[in-house]
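Down below is the structure, laid out as structure tokens.
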Amino acid sequence: MKTLTIRQPWATLIALGKKKIETRSWKSKYRGPLLIHAGKSIDKKSCLREPIKSTLKNHGCTEKNLPTGLIIAKCELIDCIKMKDWFSDTSLKVIKATLENGKAITGNELELGDFTPGRYAWILDRVELLKNPIPAKGKLSLWEYEGDLNERH
């Protein structure tokens with residue numbers, strides 16, 4: 001099954017259903033089932049930034065107990081859309097990003113990704129946290145997990 005390695009805390013935010021758009025510098029033509037692999041590294045600075053800190057805390061997570069080196073969720077990659085532009089207020093805080101299809105990204109979702117124009121929004125749906133995370137080494141780009149997911153899920 002296609003798998004994407006994502007740094008923490010973003011992998012956990014996806015697994016918890018709090019982050020529905022993964023942002024990447026590259027597009028993918030792939031659509032379909034996707035496993036979320038929590039990479040070995042944790043961006044501890046981001047774990048302390050709101051709304052990430054409070055979202056993690058609400059689920060009993062901190063930068064100290066985030067899973068790493070594990071496939072932690074499965075979902076559907078339903079679209080991949082290029083970011084068009086963003087709007088900010090006078091304090092230079094981005095308050096809205098727009099995708100090429102006209103959809104606006106606001107609120108917490110905007111705080112959980114890099115919506116710089118020219119990047120790509122990978123739209124995720126039907127996210128399921130795995131009951132039994134699967135140890136795996138991560139890889140760049142999309143990669144194939146060859147194990148039997150049904151045994152572990």
Failed item in (1) buried (at least 17 other Cβ atoms within 10 Å of the Cβ); (2) within 15 Å of the chain's Cα centre (by Cα); (3) not aromatic (F, W, Y), with D43 passing the rest:
(1)
Please verify whether K139 is assigned to a loop (DSSP other than H, G, I, E, B) and either over 14 Å from the mean Cα position of the chain (by Cα) or under 19 Å from K27 (Cβ atoms) (or both), treating the condition exactly as stated.
yes
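Can you give me the number of residues within the stretch 101-126 that are among the hydrophobic types (A, V, I, L, M, F, W, C) and under 11 Å from the mean Cα position of the chain (by Cα)?
Result for the stretch 101-126: 5.
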Looking only at residues in the stretch 1-58 that are of a type in the set (S, T, N, Q) and in contact with a Leu (Cβ under 8 Å, 6 or more places away or on another chain), which one is farthest from T106 (Cα to Cα)?
T3
Check N58 against each of (1) modelled with pLDDT of 95 or more; (2) within 14 Å of E22 (Cα to Cα); (3) out of contact with any helix residue (DSSP H, G or I) (no Cβ under 8 Å at 6 or more places or on another chain); (4) of a type outside the set (A, V, I, L, M) and name the one condition it does not meet.
(2)
Are there any pairs, at least 6 apart or on different chains, whose C-beta atoms fall under 6 Å, with the first in the stretch 129-141 and surrounded by 10 or more Cβ atoms within 10 Å (Cβ to Cβ) and the second hydroxyl-bearing (S, T, Y), and if so, which?
G138/T5
Given the conditions (1) crowded, with 16+ Cβ neighbours inside 10 Å; (2) in contact with a Cys (Cβ under 9 Å, 6 or more places away or on another chain); (3) over 21 Å from N132 (Cα atoms), which single one is not true for I52?
(2)
Out of I134, I36, I72, I95, report the one residue that is in contact with a helix residue (DSSP H, G or I) (Cβ under 9 Å, 6 or more places away or on another chain), hydrophobic (A, V, I, L, M, F, W, C) and more than 21 Å from K18 (Cβ to Cβ).
I134
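Please find, within the stretch 15-33, the residue that is surrounded by the fewest Cβ atoms within 10 Å (Cβ to Cβ) out of those that are out of contact with any helix residue (DSSP H, G or I) (no Cβ under 7 Å at 6 or more places or on another chain) and among the hydrophobic types (A, V, I, L, M, F, W, C).
For the stretch 15-33, the residue satisfying everything is W26.
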Applying the selection to the stretch 10-26, what residues are more than 9 Å from the chain's Cα centre (by Cα) and either closer than 14 Å to D114 by Cα or of a type in the set (V, I, T) (or both)?
R24, S25, W26
Return yes or no: is L48 more than 15 Å from the chain's Cα centre (by Cα) and touching a residue at least 12 places away in the same chain (Cβ under 8 Å)?
yes
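The values are calculated or read from the model by the stated rules, or taken from the named source; none is laboratory data. Just so you know, these numbers come straight off a predicted model, no measurement behind them. Virtual Cβ from ideal backbone geometry, glycine too; neighbours counted across all protein chains shown.
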